[in-house]
Each structure stands twice: as structure tokens, then as C-alpha cells.
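Since the structure comes first, as C-alpha cells, the remarks are kept for the end.
The values are calculated or read from the model by the stated rules, or taken from the named source; none is laboratory data. A quick note: this is a predicted structure, and the numbers were derived from the prediction, not measured. No Cβ is skipped: glycine too gets one built from the backbone with ideal geometry, and neighbour counts run over all protein chains shown.
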Amino acid sequence: MQVKCDFCDSYFDDTLENCPSCGAPNNHIRRHAKDVPHTIEELKAYCEANKVPVEKMHFHIGENYKGPRAYGIYKDGEEYIVYKNKSDGSRAVRYSGKDEAYAVNELFQKMRAEFNEHKTAMVNQAANRPVKPKKRGFHFPFKAIIIIAVVLFLIGVFIWAVVDDSGYYKYNDQYYYNQSNSWYKYNAGKSLWEPTTPPEEDMDDYWESYDFDYGYGIDNFNSSDYYEGSSWDSDDDDGFWSSSDDSYDWDDDDDWSYDDDGYDWDSGTDWDSDW
């Protein structure tokens with residue numbers, strides 16, 4: 001299928017990530033990753049088979065849900081609508097068009113990104129639960145193990161920080177992201193990240209952080225199609241979530257399996273943003 005470039009108006013294949021004429025990102029890319037749901041019914045079946053906690057996560061598949069704090073997708077006539085209902089009940093439409101596969105993938109991406117962001121909170125919550133005291137006995141010097149582990153961790157973090165300058169930068173109220181010396185700029189008008197060149201040769205003075213902060217008022221770069229995961233975060237973030245990663249096993253049940261007993265899914269989600 002041919003799509004029209006939003007920047008130079010030329011037509012090209014919808015599976016390409018960038019326009020071959022001007023290099024602009026393809027905002028209408030059709031994802032073909034293995035086993036990714038392409039229809040609303042396939043998405044329902046995927047969630048059921050993998051026990052995705054859609055109700056707790058406030059995702060409504062095939063439903064025009066009108067209540068606050070919700071993500072969803074439904075068909076209206078010939079068009080598919082992907083939406084987010086904010087805390088005040090107002091609605092932000094992420095996609096409205098006839099491409100069902102694209103619409104489903106937009107919601108599917110958000111679903112995986114939301115789960116992985118909340119998974120960190122679930123892990124922390126589980127770690128802070130009180131543990132029943134055990135009977136005293138012979139123990140290896142536990143404090144020594146902890147001290148050694150902390151020292152090794154700090155050394156690793158220091159080495160990683162020295163060799164890796166990836167992260168968020170802010171220049172003239174515009175956010176940038178550096179990933180392995182490849183630069184990206186956040187387009188607030190389109191709510192997406194785009195490839196770019198750094199505005200300054202030395203961007204160190206404009207460094208913000210390694211990690212995403214909701215206070216930035218932008219989308220997490222880890223949720224973009226350009227993000228590339230690494231061994232540091234292969235299982236705990238959105239690195240595997242790149243639409244171009246056809247090798248990822250989307251049927252891995254463990255991705256959605258985690259003990260969320262007592263976890264408040266309403267916490268942690270920025271319900272007042274557009275997406």
C-alpha cells in the first residue's frame with residue numbers, strides 16, 4: 001500500500017520507516033512484526049490468551065467507553081478510532097482512519113508500554129512487603145555481601161555513565177534524545193519523536209537525565225519506534241517494543257505475567273496527557 005509523505009507529498013510503500021525522497025519519518029507505517037494483532041478481534045484474542053489485565057489497566061477493546069481514565073479502540077462506520085479519556089472525561093483521539101492494523105498497533109504499543117512502566121512499581125511494591133521473621137541460625141556475614149554488592153553496582157553505574165551519554169537534553173525549550181550518538185527531537189505538534197541533528201556540537205550543558213520524567217510533558221522516547229533496547233534493560237522497558245523487531249517472540253507468556261496483587265493500576269499513569 002502506498003502512503004503520502006506528510007512533509008514532501010511524495011508516495012512510497014507504507015512498510016518503510018522513512019520517506020525515500022526527503023528522509024522524513026513515516027507516520028503511517030504499517031507494522032508487520034511476527035504475531036502482532038492486526039484486527040480488533042485478534043487483539044481481544046491475544047489479550048485473553050496471554051492473560052493481559054486489560055480491565056485493571058483501563059483498556060477497552062472494541063468499545064467506545066465514555067468514562068474517565070481509559071484507553072480504547074472501536075470501529076465507527078468505516079473508521080477505526082483509538083482514544084484516551086483523561087481524568088476530567090475529555091477525550092484525546094490518537095488515530096482516526098480506515099487502517100485497522102495501524103489503529104490496533106497504536107493501542108497495542110501503548111498497552112505494552114503502560115504495562116512495563118507499571119511493572120517497575122509492582123516490583124518495588126513487592127520488595128517493600130513485610131516478610132515473616134525467620135528463626136535465627138548460622139548466617140554468612142550478610143552485611144559484607146550487601147556492601148560488596150553496592151560497591152560493585154556503583155562502580156558499574158559510574159563506568160556506564162562515563163561511556164554512555166544517552167538520555168534527554170533540553171535546548172531552547174525543545175527536548176532532544178541521544179541514543180548511541182543518534183539524535184532525535186520531540187515534535188510536540190505531532191506528539192512523536194523524529195530523527196534530527198544536535199543544535200550544538202557540544203550538548204553537555206543541556207543534559208537533563210537518563211530516565212524519562214512525566215514532568216517533561218512529552219512522550220517517553222522508550223515508547224517510540226526508534227528506541228533500541230540493550231542488555232541493561234532488555235526485560236524491564238520498551239526496548240523490545242520496536243515495530244521493526246520481527247525477531248521478538250510476541251507469544252512469550254512471561255511478558256504479561258507478574259504478581260499485581262494489591263497494586264493500584266490507577267497510580268502512575270499520566271491521565272492528563274494526550275497519550
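Points to keep in mind about this one:
To keep it simple, each residue is scored yes or no on (1) under 27 Å from Phe115 (Cβ atoms); (2) touching an Asp or Glu at 6+ places or on another chain (Cβ under 8 Å).
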position: Val151; (1), (2): no, no
position: Ser166; (1), (2): yes, no
position: Gln174; (1), (2): no, no
position: Ser180; (1), (2): yes, yes
position: Trp183; (1), (2): no, no
position: Ala188; (1), (2): yes, no
position: Ser191; (1), (2): yes, yes
position: Ser209; (1), (2): yes, no
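- The residues of the range 177-192 that are in a loop (DSSP other than H, G, I, E, B) and either on the phi < 0 side of the Ramachandran plot or among the β-branched types (Val, Ile, Thr) (or both), listed by number, are Ala188, Gly189, Lys190.
- Positions within the range 188-216 being under 19 Å from Cys19 (Cβ atoms) and free of Cβ contacts under 8 Å to residues at least 12 places away in the same chain, in sequence order: Gly189
This table checks each residue for (1) at pLDDT 65 or above; (2) closer than 30 Å to Ala24 by Cβ.
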site	(1), (2)
Gly156	yes, no
Asn178	yes, yes
Tyr186	yes, yes
Glu194	yes, yes
Asn220	yes, yes
Asp237	no, yes
Trp250	no, yes
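- Checking each residue in the range 89-110 for being free of Cβ contacts under 8 Å to residues at least 60 places away in the same chain and under 21 Å from Trp265 (Cα atoms) picks out Gly89, Ser90, Arg91, Glu106.
- Any hit, the range 47-60, residues being surrounded by 14 or more Cβ atoms within 10 Å (Cβ to Cβ), part of a strand (DSSP E or B) and at pLDDT 85 or above: yes
- Residues in the range 163-183 that are exposed (fewer than 13 other Cβ atoms within 10 Å of the Cβ), over 14 Å from Glu228 (Cβ atoms) and not acidic (Asp, Glu): Val163, Asn172.
- Residues satisfying the stated conditions in the range 79-92, i.e. among the hydrophobic types (A, V, I, L, M, F, W, C) and closer than 15 Å to Glu63 by Cβ: Ile81, Val82
Conditions (1) among the polar types (S, T, N, Q); (2) farther than 21 Å from Trp265 by Cα; (3) under 22 Å from the mean Cα position of the chain (by Cα); (4) surrounded by 18 or more Cβ atoms within 10 Å (Cβ to Cβ), marked per residue:
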{"position": "Cys8", "(1), (2), (3), (4)": "no, yes, no, no"}
{"position": "Ser21", "(1), (2), (3), (4)": "yes, yes, no, no"}
{"position": "Ala24", "(1), (2), (3), (4)": "no, yes, yes, no"}
{"position": "Lys119", "(1), (2), (3), (4)": "no, no, yes, yes"}
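- Long-range neighbours under 8 Å by Cβ, at least six apart or interchain, first residue under 17 Å from Glu106 (Cα atoms) and in the same structural domain as Tyr95 (by TED's automatic domain parsing) within the range 65-76, second hydroxyl-bearing (Ser, Thr, Tyr) and assigned to a loop (DSSP other than H, G, I, E, B): Gly72/Tyr65
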